[in-house]
1. Considering every residue within the stretch B:643-659, establish whether at least one is modelled with pLDDT of 95 or more and outside any strand (DSSP E or B).
2. Which residue out of B:P473, B:P469 is on the phi < 0 side of the Ramachandran plot, touching a helix residue (DSSP H, G or I) at 6+ places or on another chain (Cβ under 7 Å) and of a type outside the set (G, A, S)?
3. Can you tell me how many residues within the stretch B:38-53 are open to solvent by 10 Å² or more (accessible area, probe 1.4 Å) and within 8 Å of another protein chain (Cβ to nearest Cβ)?
4. Restrict the check to the stretch B:596-611 and report whether at least one residue is surrounded by 14 or more Cβ atoms within 10 Å (Cβ to Cβ), modelled with pLDDT of 95 or more and in contact with a helix residue (DSSP H, G or I) (Cβ under 9 Å, 6 or more places away or on another chain).
5. Being more than 13 Å from chain B (Cβ to nearest Cβ), in contact (Cβ under 8 Å) with a residue 24 or more places away in the chain and in contact with a Phe, Trp or Tyr (Cβ under 7 Å, 6 or more places away or on another chain) narrows it down to one of A:L163, A:L171, so name that one.
6. Test A:V382 against the stated conditions and say whether it is outside any strand (DSSP E or B), of a type in the set (V, I, T) and touching a Leu at 6+ places or on another chain (Cβ under 7 Å).
7. If you go through the stretch A:385-411 one residue at a time, how many are touching a strand residue (DSSP E or B) at 6+ places or on another chain (Cβ under 6 Å) and assigned to a helix (DSSP H, G or I)?
Number of protein chains: 2
Amino acid sequence: MSRSLRGDIRTVWIGGVWPELDGGRFPVKREVGDLFEVAADILREGHEALAAVLRYRTVKDSAWHEVRMDPVGNDRWVGRFPLAENTRYLYTIEAYPDPYRTWVEDLKKRLAADMDVASELLEGAELLRGTRSRATGADRRRLDARLTDFEEASSTVARARVLLDEETLELVDTYPDRSGATRYDRELEVVADRVLARLGAWYEMFPRSQGTVPGRHGTFQDCIPRLRDIAAMGFDVIYLPPIHPIGRSFRKGRNNSLTPAPDDPGSPWAIGNEQGGHKAVEPKLGTLEDFGALVRAAREAGLEIALDYALQCSPDHPYVRAHPEWFHRRPDGTIKYAENPPKKYQDIYPLNFYCRDREALWEEMKSILFFWIEHGVRIFRVDNPHTKPIAFWVWVIGEVQAVHPDVIFLAEAFTRPKVMRALAKAGFTQSYTYFTWRNFKPELTEYFTELTQGVMAEYFRGNLFANTPDILPPILQQGGCAAFKMRLILAATLSSTYGIYSGYELCENDAVPETEEYRDSEKYQIKTRDWNSPGHLRDYIARVNTIRRDNPALHEYRNLRFYESDHDDILWYGKRSFDGGNTVLVAVNLDPFEPHQATLRVPLDALDIDPHERFQVEELITGMRHLWKGREQTIRLDPGKEPAAIFRLNRFPSKDYGTPCY
Amino acid sequence: MSRSLRGDIRTVWIGGVWPELDGGRFPVKREVGDLFEVAADILREGHEALAAVLRYRTVKDSAWHEVRMDPVGNDRWVGRFPLAENTRYLYTIEAYPDPYRTWVEDLKKRLAADMDVASELLEGAELLRGTRSRATGADRRRLDARLTDFEEASSTVARARVLLDEETLELVDTYPDRSGATRYDRELEVVADRVLARLGAWYEMFPRSQGTVPGRHGTFQDCIPRLRDIAAMGFDVIYLPPIHPIGRSFRKGRNNSLTPAPDDPGSPWAIGNEQGGHKAVEPKLGTLEDFGALVRAAREAGLEIALDYALQCSPDHPYVRAHPEWFHRRPDGTIKYAENPPKKYQDIYPLNFYCRDREALWEEMKSILFFWIEHGVRIFRVDNPHTKPIAFWVWVIGEVQAVHPDVIFLAEAFTRPKVMRALAKAGFTQSYTYFTWRNFKPELTEYFTELTQGVMAEYFRGNLFANTPDILPPILQQGGCAAFKMRLILAATLSSTYGIYSGYELCENDAVPETEEYRDSEKYQIKTRDWNSPGHLRDYIARVNTIRRDNPALHEYRNLRFYESDHDDILWYGKRSFDGGNTVLVAVNLDPFEPHQATLRVPLDALDIDPHERFQVEELITGMRHLWKGREQTIRLDPGKEPAAIFRLNRFPSKDYGTPCY
């Protein structure tokens, strides 16, 4: 509120606007196709009637659109506009007194009390003349006619009728007097990402491991035959670790050893050698053309390729020679490798994002993204964004999305909670989460309530990877295939976007003891797998992804709700589509070792089901159907058979025909 | 975060600042003498050490002061500054990387791992040379000496010692490199009101009823002998309904009748007649000089006079003739009286705050405040602020407090919750509340948790009036003296600021049936009371106000906590002084009709009391003392005797002398 006496005064109080992240400092995130809802407290002194509009435009348009906001009680108003385009939208609110409606309400009270309203009718006519002065064309002529009717009306009742009838009110609403309007003091932003930002199943694989001849370096061409399999499992995105030439200096050998064999391929994250850097491909994988062919083949198979954006260099990267000033340097001028004393990572040179030549460095980093965008990539999984300036991400994501709003950035920031949130606010489309380290009921419930139902849901989309090349969590190491099935169900149903790293479908669980590292990790060597080895989960994964596709409830991120189960090891939750047409309820035995039984509380009230109604649930993994009634159902889940059950609710609508039935 | 590449980049992320009301749009409120605490998330990429300062200044000063902020875990930092003056303060945060501390931590790890640190020592010396370049005077010479010691040191160990020792670190901390500092993007405001804004007992009385001869109009002079009594009851503020000349047109008679007797004095809220308006006093009360004498006498008795600021006019107010354009007018030019059809308030003309001559009107309204400030008034109880523009309050309170920060504005807004909050954000020092309509345990607990422990506590101070001339609540009408005692205890201990309207001490409870109006209300007639009539509560009130004065725990507003009692009618809560030195626990029987017994849960953990410790509680109304032990205590409260108990906690400190005791 302004403190000055002169000039415009704000006549309407607009506050408590939601969504408004951190006082309007950061945009919230939604997806194309959403109806975006904005609420605010809109009020004024006294009892005068108000009207309010939600104003919005895309960043590309200069013209604002408006939709009406409606009061929903307790001085709260709500309006909605469709996010039709993949772009950023601005929105704000304007509200104004509605003197005609105020006058109508007052007049009705007076008429009801049989009071003299001659003077009030003159006031109403004066207001209507104001409407006429704002109206145009046919409407102005209609208003002239109304005013003539008013003048010529022979009785108070007839005059009142002219001023109160539907046609008059409609005309008045069409030409409101907005001279006393108050505009909310900020323009807020919502990013409308494409739907894949919210809904997708990701599959991570090392292209060099996609060959079929053991020991031979796989190629992009080897990846192409794999696409059908991966698509058949129901994935949407294939994420590839870095595909660039790999450094030779201090190359790591198998199992992260410092003494590589001559043919050890090295870690793909040690980017760059004499054959090129971030804009080149490792020749053993093929050529840029081969990569292009893979991107096209993937697209034909209904898949998108995601690349790793890992901003660091091997000592052999062309940047090192061309731009030594971009790196951290010792007093003697040599370049510093990465260290976390006493650990040394001599195969990696971190970039100095604050160097004197910062602007050129940042521009070059940006150009890497545009290079791969040119080659058909629209998804970047960003390696360790929490070791680069947050201001860099604000800038570079803004630059890219201004031109290519369809580009998705996934933050691989396994770090402190506040830093993860800051990166999401800074612009990352999606984020990795602590999911792999949340095993049991209280911690799963607490964490996913925070992610999906609080303020974080406005800007932070958790992509739940069940494993990664760096994280083979203890539950998978020790829980066998039952744990792989259980953790897959959790990932695929707690979030609308999730992923696995290849080998998951084979229940690979061989770890370096006391660590979460894979033994014989693909990070340092080529693997060739038999994708059809006994006990594989490919069909199970395909089933789960089909269930995800078939059920709109699972397409949403913010609709997760936890329900009560009376056993500590049985997690019980559900999702409902926003139109209420699809409801999925999930029970998961979190213990991969033992069967457990629980009584589940069915959220009948939330589902509008009468406690006496019989309804059908269909378990979507097994196809079994059950008739349920009442608030409590008992379930037994045996991890040796099915560690989880996914129920779709099917009701039997009872129709009472109110008209004859032919 | 800026989206530009060029220019300064923000290297430190500062977010989640608290307090920050509505993104910094409104100031929070505190009182002189408080230590104001500000917290923020402060973080950066990587693991570099950070430093942060809280910057603050009063609105009158141009120079900023700084205090260090300290990390408290999870990237949260906290700093505090004292609110030494009754004024507004601005505050913001600045944070910057601390490369020397980062370097020290790194070096220590290397030394611990027995790594070669020759190069690192050179880097440290370079950083120290940077410190030297910023240092001045003796410190610069000290740094020169440190650097010479470094150059001349014969071993790595000796060189490291120079760079790591206390003196060096202290010098480095004194001259930080703040070139990479990030300033928080907003300057926030805190109003430091005087303590009376938070802590006070108010007594409302009609001066015309303070005479001793029945039927005779009381005067300001009659009020003076009353001061000693009111001060003896322990009050701090005497609030007087309007003292101005009262209109004659459509004057209301006894019990709000439309047919007044010739000697009926009329409602003081129908302000103004030919003898003057808002800047005059009703001649029957005395002169402006008499009023001045009352203000002085009150001050001598330790009391302050609060006036009513009621912005409306009787038809006889001088403004009506001089400024007809300031009022709402009918099409025929006549001035509109107040109406809520079918009710007519013909004795009241509302002002039109949006009239064409708005600026002159607002200035005149402001001048009323300055007039009474000139006459020694520093507290205004504002009548119906929710019927005037919120923008007017923002402006007028800002104008007054810029010159007189000690002026207190109490909003008498009994209206919708969002409007009440908006007025408090707009600048009102205190607000009336829904207290009179909150009788039972769940509603009292919920409402006062909201008022004192949530965001509202940052800007809304609830002044709990137990009754007003407009509100004699049913519980007082029907509950007899027990209810008056019970509601007094609630008002006086739930909030640090509360009030009663005179007659409360006599348990006056005669209502117009089916309403909350007093029968024979003082609003329309003069009352003469026998203040010593049997059954009066004056001693009880004095006792309660003494307990308030003696117990610092009751001086605070935001320290209210509710505890568990196992009986629906026994409310159990407490307050603790911020230094922990004073703890008060209150049990109240909310049922004025029947005795009830409850088991109370004693919050031993919050009080740091061992479950096996014996401690003393002193009941402050009766003076009874008890020894308690353990988490549960039983209490029985008989409304016929004492409807409430106020316990002060007295512990028996057990001292173990660690040194000989002489």
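The values are calculated or read from the model by the stated rules, or taken from the named source; none is laboratory data. Not measured: the values here are computed from a predicted model. Reconstructed Cβ throughout: ideal geometry from the backbone, glycine too, with neighbour counts over all protein chains shown. Just the protein is used for accessible areas: all its heavy atoms, side chains included, with ligands, DNA and RNA removed. Shrake-Rupley method; radii C 1.70, N 1.55, O 1.52, S 1.80 Å.
1. Yes: one or more hits.
2. On the way: B:P469 fails: touching a helix residue (DSSP H, G or I) at 6+ places or on another chain (Cβ under 7 Å).
Just a single option satisfies the conditions, and that option is B:P473.
3. Number of matching residues: 4.
4. So far as the stretch B:596-611 goes, no, none of its residues is surrounded by 14 or more Cβ atoms within 10 Å (Cβ to Cβ), modelled with pLDDT of 95 or more and in contact with a helix residue (DSSP H, G or I) (Cβ under 9 Å, 6 or more places away or on another chain).
5. On the way: A:L171 fails: in contact with a Phe, Trp or Tyr (Cβ under 7 Å, 6 or more places away or on another chain).
Testing whether each residue is more than 13 Å from chain B (Cβ to nearest Cβ), in contact (Cβ under 8 Å) with a residue 24 or more places away in the chain and in contact with a Phe, Trp or Tyr (Cβ under 7 Å, 6 or more places away or on another chain) leaves just A:L163.
6. On the way: outside any strand (DSSP E or B): no; of a type in the set (V, I, T): yes; touching a Leu at 6+ places or on another chain (Cβ under 7 Å): yes.
No; evaluated as a whole, the condition is false for this residue.
7. As a first pass, look at the stretch A:385-411 and keep what is touching a strand residue (DSSP E or B) at 6+ places or on another chain (Cβ under 6 Å): A:385, A:390, A:397, A:408-411.
Now drop any that are not assigned to a helix (DSSP H, G or I), which leaves A:385, A:390, A:397.
Total satisfying the criteria: 3.
The rows are residues; the columns are (1) open to solvent by less than 10 Å² (accessible area, probe 1.4 Å); (2) part of a helix (DSSP H, G or I); (3) aliphatic (A, V, I, L, M).
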| residue | (1), (2), (3) |
| --- | --- |
| A:M456 | no, yes, yes |
| A:I475 | no, yes, yes |
| A:G480 | no, yes, no |
| A:F484 | yes, yes, no |
| A:L488 | yes, yes, yes |
| A:A491 | yes, yes, yes |
